[in-house]
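Taken together, the values in this text are just the output of simple stated rules run on the coordinates, not laboratory data. Remember, predicted model here, so these are calculated numbers, not experimental data. Here the Cβ is made from the backbone with ideal geometry for all residues, glycine too, and neighbour counts use every protein chain on show.
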Amino acid sequence: MSKLQWKGSTLLNPTPAVLVTCGNFENANVLTVGWTGIVCTRPPRLYISLRKSRYSYAIISESGEFAVNLTTADMLEAVDKCGVYTGKNKDKFVMCGLVKEPANVISAPVISQSPLSLECKVFETVSLGSHDMFLADIVSVDVEPEFIDENGALRLENSKILAYCHGKYYQLIKPLRELGFAVKKKGKGR
């Protein structure tokens, strides 16, 4: 059976459904971002892509800072509202019941309900067409202690993390195996 051929499209999904916070603690905004991901391990870097018309675009361009806040199923309504309403005329934190917390390194707040927040500083903006990509260094990570195991490893299995895929939200995570399981020998080492 041959695969169907479609024209090029944005079908690399699912992606995390994240809330990006920007501005400063007193004058902050929050928006839902679907175009985000890791671009480098050392140094730790990620990207978000925004349209220039978005209210937060100018805020991030001027401050050079933002936080990427992972979301959970419990935050679903806030995630959806923050993706359709603009912060230009509404305080989306108040509207959605999101609690701001001071970040450790950047001036933008992080979201209390988020299990994990990545504090970021922009090092380059790339114009791509419909969106501009903010490339940023991850300068601090804020993690809820309940998601750290006794060995200090991050365990988000019970966090009900949200993902976005083709117009729908999904709840993740069901671990299947650990990285490298296919090449590990049973018994001592390799």
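How big is the Cα convex hull of the chain in projection, averaged over all directions, in nm²?
14.5
Taking the average, over residues, of other Cβ atoms within 10 Å as the packing measure, peptides 106-118, 31-43 rank 106-118, 31-43 from highest down.
Counting other C-beta atoms within 10 Å, and keeping those with at most 10, which DSSP coil GluC sites (Glu not before Pro) do you find in segment 70-151? Walk me through the intermediate numbers first.
Details: sites: GLU77, GLU119, GLU124, GLU146, GLU150; in loops: GLU150.
Counting only loop positions with at most 10 other Cβ atoms within 10 Å, the GluC sites (Glu not before Pro) in segment 70-151 are GLU150.
Shown in residue order for segment 41-46 are the 3J(HN,Hα) couplings computed by the Karplus curve 6.51 cos²θ - 1.76 cosθ + 1.60 at θ = phi - 60°: 8, 10, x, x, 9, 9 Hz (x for Gly and Pro). With contacts taken as Cα pairs under 8 Å and at least 6 residues apart, the chain reaches a relative contact order of 23 percent.
Other residues within the sphere of radius under 12 Å centred on the Cβ of PHE123, judged by their own Cβ, net out at -1 (K and R +1, D and E -1). The modelled label-to-label distance between LYS7 and PHE147, using points 7 Å beyond Cα along the C-beta direction, is 3.8 nm.
Around the amide H of LYS160, modelled in the peptide plane, lie the amide H atoms of ILE173, all under 5 Å away and 5 or more residues distant in sequence or on another chain. Label sites at SER61 and ASN24, each approximated as a point 7 angstrom past Cα along Cα to Cβ, lie 2.1 nm apart. Taking each DSSP H run with n ≥ 4 as -39500 (n - 2.57) and averaging over every residue of the chain yields -3000 deg cm²/dmol at 222 nm. Sorting 88-95, 137-144 by average packing, meaning the other beta carbons within 10 Å per residue, from highest down gives 137-144, 88-95. Summary of the geometry: segment 98-141 and segment 1-36, compared by the centres of their Cα atoms, lie 14 Å apart. Residue-wise HN-Hα couplings along segment 29-35, as the Karplus relation 6.51 cos²θ - 1.76 cosθ + 1.60 with θ = phi - 60° gives them from phi, are 10, 9, 9, 7, 10, x, 9 Hz; Gly and Pro carry x. Per-residue Cβ neighbour counts within 10 Å put LEU12, LEU172 in the sequence LEU12, LEU172, beginning with the fewest.
Loop only per DSSP, at most 14 neighbouring Cβ atoms within 10 Å: give me the trypsin sites (Lys or Arg not before Pro) in segment 97-173, ordered by residue number. Provide the component values of the computation, followed by the final result.
Values: sites: LYS100, LYS121, ARG155, LYS160, LYS168; in loops: ARG155, LYS160.
Passing both the DSSP loop test and the Cβ count: ARG155.
For segment 113-119, putting each phi into the Karplus relation 6.51 cos²θ - 1.76 cosθ + 1.60 with θ = phi - 60° gives couplings of 6, 6, x, 8, 10, 10, 7 Hz, in residue order, rounded to whole numbers and with x for Gly and Pro.
What do you get for trypsin sites (Lys or Arg not before Pro) in segment 30-80 restricted to DSSP loop and a cutoff of at most 12 other Cβ within 10 Å of the site's Cβ? Before the final figure, lay out the partial values.
Values: sites: ARG45, ARG51, LYS52, ARG54; in loops: ARG51, LYS52, ARG54.
Passing sites in segment 30-80 are ARG51, LYS52.
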